[in-house]
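Chemist: Have a look at the structure that comes next, please.
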Amino acid sequence: MLIKTEYVDIPAEGAPMRMLVAAPQAKGKYPGILLYSDIFQLTGPMVRSTARLAGYGFVVAAPEIYHRIEPPGAAIPFDDEGRTRGLNDAAKTSVADFDADCQSALEYLSRHPLVEQSKLGAAGFCIGGHLAFRAALHPDVKATVCFYGTGIHNGKLGKDEDAGSLGRASEINGDLLMIFGAADPHIPEAGREKIATALATARTKLSITLYEAEHAFMRDEGARYDPEATDQAWAEMIKFLRRVL
């Protein structure tokens with residue numbers, strides 16, 4: 001499906017928030033997806049992921065998660081200095097700020113002329129997987145995909161030592177798909193088991209898939225990229241989103 005892309009600046013608490021918005025060119029109504037990046041913001045791999053998802057028939061909004069700290073358009077490099085910068089930016093951002101930005105982005109999608117009413121979802125990678133999990137707490141979000149979401153099992157998110165996300169799992173009304181890498185040191189087996197147990201106790205509509213892959217295996221730059229696992233995870237996400245939305 002052919003798509004169109006644009007950058008938009010929307011009102012958000014603290015500072016305007018820039019988002020990459022990708023949507024099908026064809027007239028019609030489509031589900032809206034809030035797509036969160038990893039700690040490096042809207043890099044090449046994230047831009048390509050946003051466009052790819054839109055090509056399956058979704059209106060996709062990918063925000064700059066550090067808009068209060070970084071200048072508009074800042075994509076953080078994939079190197080040691082960039083990793084430190086991204087982690088430091090996260091450490092300066094409170095959960096309350098992340099949640100406020102989520103609300104602003106969902107409101108934008110709900111008003112988008114191509115988005116079908118009551119058809120909202122969320123997805124994200126790494127820290128963005130955790131942010132997507134928190135987006136799932138919104139009653140309007142019907143489907144959420146968390147790709148190796150960090151901090152869900154131990155509560156760590158941004159400035160907050162314990163965001164309490166997992167403890168609020170009973171608030172998730174929509175369906176949830178969680179995808180992990182077996183060789184991911186950031187979400188070890190014990191962490192994955194803790195998440196699965198908590199979500200089962202909360203009676204969440206949940207699917208979990210474990211790939212023989214590393215953290216960030218879907219980022220198509222760097223040594224950890226696994227093309228086959230990426231394609232399988234993409235296919236799983238598209239099937240899930242189409243079924244639910």
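The values are calculated or read from the model by the stated rules, or taken from the named source; none is laboratory data. A quick note: this is a predicted structure, and the numbers were derived from the prediction, not measured. Virtual Cβ from ideal backbone geometry, glycine too; neighbours counted across all protein chains shown. The area values use the complete protein model at the heavy-atom level, side chains included, leaving out ligands, DNA and RNA. Shrake-Rupley method; radii C 1.70, N 1.55, O 1.52, S 1.80 Å.
Chemist: Of the conditions (1) more than 20 Å from LEU120 (Cβ to Cβ); (2) open to solvent by 10 Å² or more (accessible area, probe 1.4 Å), LEU199 fails just one. Which one is it?
Modeler: It is condition (2) that LEU199 fails.
Chemist: Report yes if GLU193 is open to solvent by 60 Å² or more (accessible area, probe 1.4 Å) and either among the hydroxyl-bearing types (Ser, Thr, Tyr) or farther than 17 Å from SER207 by Cβ (or both), otherwise no.
Modeler: Judged against the criteria, GLU193 is not a match.
Chemist: Here is a follow-up. Quick one: would you say ALA22 is at pLDDT 95 or above, open to solvent by less than 10 Å² (accessible area, probe 1.4 Å) and either farther than 23 Å from LEU137 by Cβ or not polar (S, T, N, Q) (or both)?
Modeler: It is true that ALA22 is at pLDDT 95 or above, open to solvent by less than 10 Å² (accessible area, probe 1.4 Å) and either farther than 23 Å from LEU137 by Cβ or not polar (S, T, N, Q) (or both).
Chemist: Next up: Under the condition of being in contact with a Ser or Thr (Cβ under 8 Å, 6 or more places away or on another chain) and assigned to a loop (DSSP other than H, G, I, E, B), which residue from the stretch 1-14 is farthest from VAL244 (Cα to Cα)?
Modeler: GLU13
Chemist: Within the stretch 118-132, identify whether any single residue is at pLDDT below 95, open to solvent by 10 Å² or more (accessible area, probe 1.4 Å) and touching a strand residue (DSSP E or B) at 6+ places or on another chain (Cβ under 9 Å), and answer yes or no.
Modeler: yes
Chemist: Out of ALA75, ALA12, ALA62, I need the residue that is open to solvent by less than 20 Å² (accessible area, probe 1.4 Å) and small (Gly, Ala, Ser). Which one?
Modeler: Details: ALA75 fails: open to solvent by less than 20 Å² (accessible area, probe 1.4 Å); ALA12 fails: open to solvent by less than 20 Å² (accessible area, probe 1.4 Å).
Matching residue, one of ALA75, ALA12, ALA62: ALA62.
Chemist: Within the set of pairs 6+ apart or on separate chains, which have a first residue in the stretch 157-182 that is outside any loop (DSSP other than H, G, I, E, B), a second that is hydroxyl-bearing (Ser, Thr, Tyr), and C-beta atoms under 6 Å apart?
Modeler: ALA169/THR204; LEU176/THR144; LEU176/THR204; LEU177/SER207; ILE179/THR209; PHE180/TYR148; GLY181/TYR148; GLY181/TYR211
Chemist: Considering every residue within the stretch 72-85, establish whether at least one is modelled with pLDDT of 95 or more, farther than 15 Å from ILE39 by Cβ and among the hydroxyl-bearing types (Ser, Thr, Tyr). Show your work before the answer.
Modeler: Initial filter on the stretch 72-85 (modelled with pLDDT of 95 or more): 72-85.
Subsequent filtering for residues that are farther than 15 Å from ILE39 by Cβ retains 72-73.
Filter once more, so that each one left must be among the hydroxyl-bearing types (Ser, Thr, Tyr): none.
There is no residue in the stretch 72-85 that is modelled with pLDDT of 95 or more, farther than 15 Å from ILE39 by Cβ and among the hydroxyl-bearing types (Ser, Thr, Tyr).
Chemist: While we're looking at this one, here's another question. Would you be able to tell me the number of residues in the stretch 26-79 that are closer than 25 Å to HIS186 by Cα, among the small types (Gly, Ala, Ser) and touching a residue at least 40 places away in the same chain (Cβ under 8 Å)?
Modeler: Matching residues across the stretch 26-79 total 4.
Chemist: Also, I was wondering about something else. Is there a residue in the stretch 205-224 that is in a loop (DSSP other than H, G, I, E, B) and among the hydroxyl-bearing types (Ser, Thr, Tyr)?
Modeler: The answer is no, given that none of the residues of the stretch 205-224 is in a loop (DSSP other than H, G, I, E, B) and among the hydroxyl-bearing types (Ser, Thr, Tyr).
Chemist: Could you check, for the stretch 97-107, whether at least one of its residues is under 20 Å from ALA136 (Cα atoms), of a type outside the set (Ser, Thr, Tyr), without any contact (Cβ under 8 Å) to a residue 12 or more places away in the chain and assigned to a helix (DSSP H, G or I)?
Modeler: Yes, that holds for at least one residue.
Chemist: Please identify the pairs in which a residue from the stretch 110-126 that is closer than 14 Å to ARG243 by Cα has its Cβ atom under 9 Å from the Cβ atom of a residue that is among the polar types (S, T, N, Q) and outside any helix (DSSP H, G or I), counting only partners at least 6 apart or on another chain.
Modeler: GLY121/THR144
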